[in-house]
Each structure stands twice: as structure tokens, then as C-alpha cells.
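For reference, the structure is listed below as C-alpha cells.
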Amino acid sequence: MEFIDLKAQYQTLKTEIDTNIQSVLSSAQFIGGPYVAELEEQLAAFVGRKHCLTCANGTDALQLAFMAAGVGRGDAVFCPDMTFISSTEPAKMSGAVSVFCDITPDTYCLDPAGLERQIRAVLEEGTYTPKAVVAVDILGNPCDYDAISPICEKYGLTLIEDAAQSFGASYKGRRTCSFGYIATTSFFPAKPLGCYGDGGALFTDSGEVDALCRSICVHGKGPGGKYDNVRVGLNSRLDAIQAAILLPKLKALEAYELDARQAAAKRYSDAFAGKFTTPFVAEGCVSVWAQYALLAESRKQRDQIAAYLREKGIPSMVYYPKPQHMLPVFLDEPRYGETYPNASDYCARTFSLPMHPYLKEAEQRKVIETVLEML
Ligand SMILES: *Cc1c(COP(=O)(O)O)cnc(C)c1O
């Protein structure tokens with residue numbers, strides 16, 4: 001059994017994907033070109049945003065966003081304590097500090113109250129300038145933007161939506177990737193919309209921000225082209241082959257994969273209700289179920305379940321075993337006395353089960369039975 005069955009997806013979409021790859025090979029246009037342009041147009045339309053710019057991966061997308069927002073030395077960037085390191089790593093690279101905030105105990109996303117507490121603490125202490133907030137739609141579940149956006153406005157902070165795990169989810173009728181100054185996503189193979197290598201994208205409604213990012217991602221090119229460099233930038237592009245792979249995958253995601261993900265999540269939640277803490281999706285939100293994560297009653301029980309599943313040949317994962325504030329690389333980041341009870345408790349008890357749109361009911365039944373057997 002696969003945790004995320006990319007082989008089954010490929011078998012389903014093989015004809016279209018192979019044809020598209022072959023067409024890129026025949027055209028010999030490997031960078032840019034019609035597939036990249038078409039993909040950017042379709043992605044922007046799908047999420048309901050004016051502009052989409054593809055790039056080399058989701059971490060670069062965040063780096064481009066931080067560079068466009070002018071994040072640098074002396075700045076504080078706020079993000080949830082439970083996320084992947086990419087959420088603030090690029091800001092850290094440009095000299096900012098990462099200020100972690102606790103998550104909510106139910107959605108596991110950035111807690112608006114925890115965010116405001118940390119912003120006030122940074123302002124009061126005075127060493128760093130609050131600059132940006134990275135709201136992460138963790139496990140595919142959207143953040144509470146109606147609470148987070150006004151906080152960013154109140155303190156003059158740039159909101160960046162890290163939608164690496166949530167492409168296809170929505171918040172009160174709006175797709176993820178449509179929030180903030182810039183939203184970013186990742187096409188790493190295991191994400192809800194993945195390519196066959198690395199890839200990423202940025203979304204914005206501002207033509208100016210889009211143009212700025214298009215310059216930064218090609219070595220800071222100027223009006224005179226790529227040898228007319230007006231700023232220091234990156235080399236960060238999505239390959240034409242990846243765009244050609246993503247187009248049929250985007251179509252499948254919209255046509256049936258999103259529904260299949262909902263159905264699988266519902267079967268898990270029905271089976272595990274009352275036995276574990278099942279995932280909570282807030283009113284008006286739709287998760288894309290990048291992961292289906294349960295909370296066991298203790299770290300010990302979580303580890304026992306993982307070991308039992310391994311023995312029975314069923315893959316499970318822990319997203320994530322450590323909150324950000326406990327990563328060795330971040331031990332010296334300023335914490336302002338925050339103790340992160342919700343993120344710490346979540347990381348101690350969470351485990352994720354196989355989840356993808358090609359999960360067969362019989363396979364899923366086996367996963368459910370094996371977990372319940374262990375209890
Ligand atoms: C995967 C991920 C990223 C980074 O994406 P890459 O394409 O792997 O660079 C950023 N943020 C979160 C929350 C992620 O899960």
C-alpha cells in the first residue's frame with residue numbers, strides 16, 4: 001500500500017501526460033513556452049486571482065514573496081509553530097528572525113490570538129520590526145483569514161499565504177491561494193497538485209507585484225531583458241516539462257480528485273469518530289486533505305499505532321514530529337515567553353494515514369480495521 005499513490009494517478013492520466021511530455025521533447029523548448037503560459041493562466045483562473053507566476057519550488061515561491069515584500073535584516077516574520085521549515089526559512093536567509101506563534105487546538109492552523117500576542121511582544125521588546133505574517137493552510141485546511149487579515153492590517157504587516165499544502169481547498173467560497181499580498185504553493189510530487197520533480201507558484205492580484213516577481217525570478221531582469229539586470233534576484237523557473245505534466249493533473253484535480261479526497265476523508269472520520277480526535281474543518285471551509293491526521297490519546301499510543309501499522313505493511317507518517325521552536329536550527333530564535341502548548345501537544349500525538357484520491361475503499365477499510373485492531 002502507498003501513502004500517496006502517485007503510480008495509480010499516473011496510470012489514470014498516462015496518455016495525456018506522455019503526449020504532453022513528448023510534445024515538449026519534440027519542441028525542444030524546455031524553459032518557458034506555451035505550456036508554462038497556459039498553466040499560469042489556468043492556475044490563476046482556478047484560484048480566482050489576477051496573476052500567477054510559476055517558479056522552481058514552493059520554498060523559492062516564499063523567498064520571492066519575501067524579497068518582493070522587502071523582508072530583510074532586523075525584521076520579524078510571524079508564522080505558526082506547527083509547519084514545515086520552508087515557511088520562514090527563506091526570510092531567515094535574508095536576515096529576518098522567525099517568530100513562532102501557537103496554533104489553534106482544533107484547526108491546527110495559526111491562532112489569531114497567538115499571532116497578536118507575539119506581534120505585541122515584538123513591538124514592546126523593540127529589537128525587531130514586525131514585517132510579515134506567513135499564514136500556513138496546514139494539512140490542506142485553510143487558516144481563518146477573516147481573523148488574520150484584520151490583524152495584519154492593524155499592525156501594517158504583509159500577509160503571505162503559504163498554500164503549499166492546500167491547493168484546491170477553500171475558505172468561505174474563496175479558493176486558497178487567493179489570500180494575502182502574495183500566496184504561494186508547491187508542486188512537490190506529494191502535494192495535492194504535484195509535478196514530477198520540483199515546482200512552485202505565486203499568486204497576486206497586483207500587476208506591479210507580479211512584474212516585480214517576474215524580474216526577481218530571472219536574475220532581476222530589467223525592461224531591457226535578462227542582460228539588463230536592475231536588482232539581485234534568483235534563477236527560479238518551472239520547467240516546460242513540469243508545466244506539461246501539471247496541466248492534465250489540474251484537470252483531474254478539478255474533475256474528480258477533489259471529490260475523491262472528500263469521500264476518503266469522510267470515511268476515515270466516520271470510522272474514527274469517538275476513538276481519536278478527528279480533523280476539524282471550520283464552518284464554510286473545505287480542506288483538500290493533503291494529510292489525514294488523527295490525534296492519539298498520548299505520544300505513547302501514537303508510537304504504538306505507528307509501529308503496529310508498520311508491522312502490518314501499512315504506511316503512516318508524522319506531520320510533524322517537532323514544532324518549529326524545538327528544531328535545533330531555531331533554538332535561538334526569540335520566543336517572548338511563548339510556550340506553544342497547542343503545537344507541542346499536537347506534535348506529540350499526531351499521526352497521518354494513507355490519503356490520496358486513488359485510495360480504494362477496500363484498502364481504506366484495511367487501514368481502518370488495522371488501526372482499530374490496535375486499540
Ligand atoms: C512543501 C512545503 C513548502 C515548500 O515546498 P517545496 O516545493 O518543497 O520547496 C512550504 N511550505 C509548506 C507548509 C510545505 O508543506
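Taken together, the values in this text are just the output of simple stated rules run on the coordinates, not laboratory data. What you are looking at is a predicted structure, and each value in this text was computed from that prediction instead of being measured. Cβ atoms come from the backbone with ideal geometry, glycine included; neighbour counts cover every protein chain shown.
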Relative contact order [Cα under 8 Å, 6+ residues apart], the chain, whole percent: 22
Projected label distance in nm at Leu331 and Ser23, using a 7 Å step from Cα toward the beta-carbon: 5.4
Antiparallel DSSP beta bridges within the chain, as percent of all bridges there, nearest 5: 55
Mean shadow area of region 147-189, taken as a quarter of the surface of its Cα convex hull (nm²): 3.2
Unit charges on C-beta of K, R, D, E only; dipole of region 133-236, Debye: 220
Lys/Arg +1, Asp/Glu -1 at C-beta; the chain dipole; positive extreme among Thr59, Val367, Ile21: Ile21
Residues with amide H under 5 Å from that of Leu159, placed H, sequence gap 5 or more: Val133, Tyr181
Cβ-based charge dipole, region 142-253, positive-most Cα from Thr158, Gly168, Pro189: Pro189
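Using the crude model of +1 on Lys and Arg Cβ and -1 on Asp and Glu Cβ, and no other charge, please compute the dipole size for region 94-141 relative to its Cα centre, in debye to 20.
Values: 3 positive and 7 negative charges, 38 e Å.
The dipole magnitude comes to about 180 debye.
What list do you get for Leu25, Leu294 if you sort them by fewest beta carbons within 10 Å?
Numbers: Leu25 13, Leu294 21.
So the ranking, lowest neighbour count to highest, is Leu25, Leu294.
What do you get for Rg/Rh of region 295-375 when both radii come from the Cα atoms and Rh is the Kirkwood radius?
Across region 295-375, the Cα-based Rg/Rh ratio is 1.09.
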Per-residue ³J(HN,Hα) for region 187-194, Karplus 6.51 cos²θ - 1.76 cosθ + 1.60, θ = phi - 60°, Hz, x for Gly and Pro: 10, 3, x, 7, 6, x, 10, x
Compactness of region 327-368, expressed as Rg and Dmax over alpha-carbon positions, Å: 17.6, 49
Within the chain: Cβ-based charge dipole about Cα centre, in debye rounded to nearest 20 (Lys, Arg +1; Asp, Glu -1): 440
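For Asp303 and Ser206, compute 0.36 nm times the residue count separating them, minus their Cα-Cα distance, and round to one decimal in nm. Before the final figure, lay out the partial values.
Values: separation 97, 0.36 × 97 = 34.92 nm, distance 4.67 nm.
Residue separation times 0.36 nm, minus the Cα-Cα distance, leaves 30.3 nm.
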Contour excess over end-to-end distance, with Cα ends at Asp345 and Val230 and 0.36 nm allotted per residue: 36.7 nm
Per-selection Rg to Rh, the chain - Cα, Kirkwood hydrodynamic radius: 0.97
Residues Glu153, Glu257, sorted so that the one with the fewest Cβ neighbours within 10 Å comes first: Glu153, Glu257
Modelled FRET efficiency - R0 41 Å, Thr15 with Ile85, Cβ distances, 0.05 increments: 0.60
For a label point 7 Å along the Cα-to-beta-carbon line of Ala113, residues of region 318-347 with backbone N under 18 Å: 337-346
Members of Lys275/Lys360; Lys131/Lys251; Lys92/Lys322; Lys7/Lys172; Lys7/Lys360 lying beyond 25 Å, as alpha-carbon distances in this model show: Lys131/Lys251; Lys7/Lys172
Phi to ³J(HN,Hα) by Karplus 6.51 cos²θ - 1.76 cosθ + 1.60 over region 91-98, Hz, x for Gly, Pro: 5, 4, 4, 8, x, 7, 9, 9
Centroid-to-centroid separation of region 104-131 and region 163-222 [C-alpha atoms, Å]: 24
Calculated FRET efficiency for the pair Glu283/Ile368, C-beta based, R₀ 35 Å, to 0.05: 0.85
